């Protein structure tokens, strides 16, 4: 890494803000909350923005922006879902999804960093791999949390089944992100895309 340019810092900060907005979209639009097991779980755009961070910023800067987002939330700024903050958000059943954003940006960026030319198939494949990392880590963490410190006896299959509405939404957005990024790459100066460090 040769150091961060002001442009790189700006891009990273933009994605920290987008993650906060994506986490709390249901605060402004309550209709985007899905009732599951007597609780209301808000839909979010965080997976979409984490994938875009990897596509646009690459593995290093994308990962740094996700780590920064998590650190900002842990420090007490209400950027997590439901305008929550603090380290306890990482211990909650959905804390694994927050942690997984680091890996989403890294794996998506790792794949796209190998390609100099924007390509819908490549970007979509990278997005799907990022989605797999998001849900693989997030659902597994949720299952462990519910069966250990929350002392709820649920099976791994039930944990996955409860996430189907969110998985469908995020899968559609993951595919859309590949198309979106290719079109974005055609409209912004090439030197801006060198924010991949």
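The values are calculated or read from the model by the stated rules, or taken from the named source; none is laboratory data. Source: prediction; values computed, not measured. For neighbour counting, all protein chains shown are included, and Cβ atoms are generated from backbone atoms with ideal geometry for every residue, glycine included.
One table, with the values for the structure above:
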item: Whichever residue in the stretch 151-162 is surrounded by 15 or more Cβ atoms within 10 Å (Cβ to Cβ) and at pLDDT 90 or above and, among such residues, is nearest to residue 134 (Cα to Cα); result: 160
item: Flag if residue 93 is part of a helix (DSSP H, G or I) and at pLDDT below 95; result: no
item: Which numbered condition residue 148 misses (of (1) over 25 Å from residue 32 (Cβ atoms); (2) in contact (Cβ under 8 Å) with a residue 24 or more places away in the chain; (3) loosely packed, with under 15 Cβ neighbours inside 10 Å); result: (2)
item: Residue under evaluation residue 3, criteria (1) surrounded by fewer than 20 Cβ atoms within 10 Å (Cβ to Cβ); (2) in contact with a helix residue (DSSP H, G or I) (Cβ under 8 Å, 6 or more places away or on another chain); (3) modelled with pLDDT under 90; (4) assigned to a loop (DSSP other than H, G, I, E, B), criterion not met; result: (2)
item: Check on residue 185, in contact with a helix residue (DSSP H, G or I) (Cβ under 8 Å, 6 or more places away or on another chain) and modelled with pLDDT of 90 or more; result: no
item: Of all residues making up the stretch 177-189, the number that are within 21 Å of residue 131 (Cα to Cα) and free of Cβ contacts under 8 Å to residues at least 60 places away in the same chain; result: 2
item: Count of residues meeting criterion [assigned to a helix (DSSP H, G or I), within 17 Å of residue 166 (Cα to Cα) and at pLDDT 90 or above] in the stretch 22-71; result: 8
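Residues checked against (1) touching a helix residue (DSSP H, G or I) at 6+ places or on another chain (Cβ under 8 Å); (2) without any contact (Cβ under 8 Å) to a residue 40 or more places away in the chain; (3) within 23 Å of residue 141 (Cα to Cα):
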| residue | (1), (2), (3) |
| --- | --- |
| 15 | yes, no, no |
| 23 | yes, no, yes |
| 67 | yes, yes, yes |
| 70 | yes, yes, yes |
| 82 | yes, no, yes |
| 91 | yes, no, yes |
| 107 | yes, no, yes |
| 114 | no, yes, no |
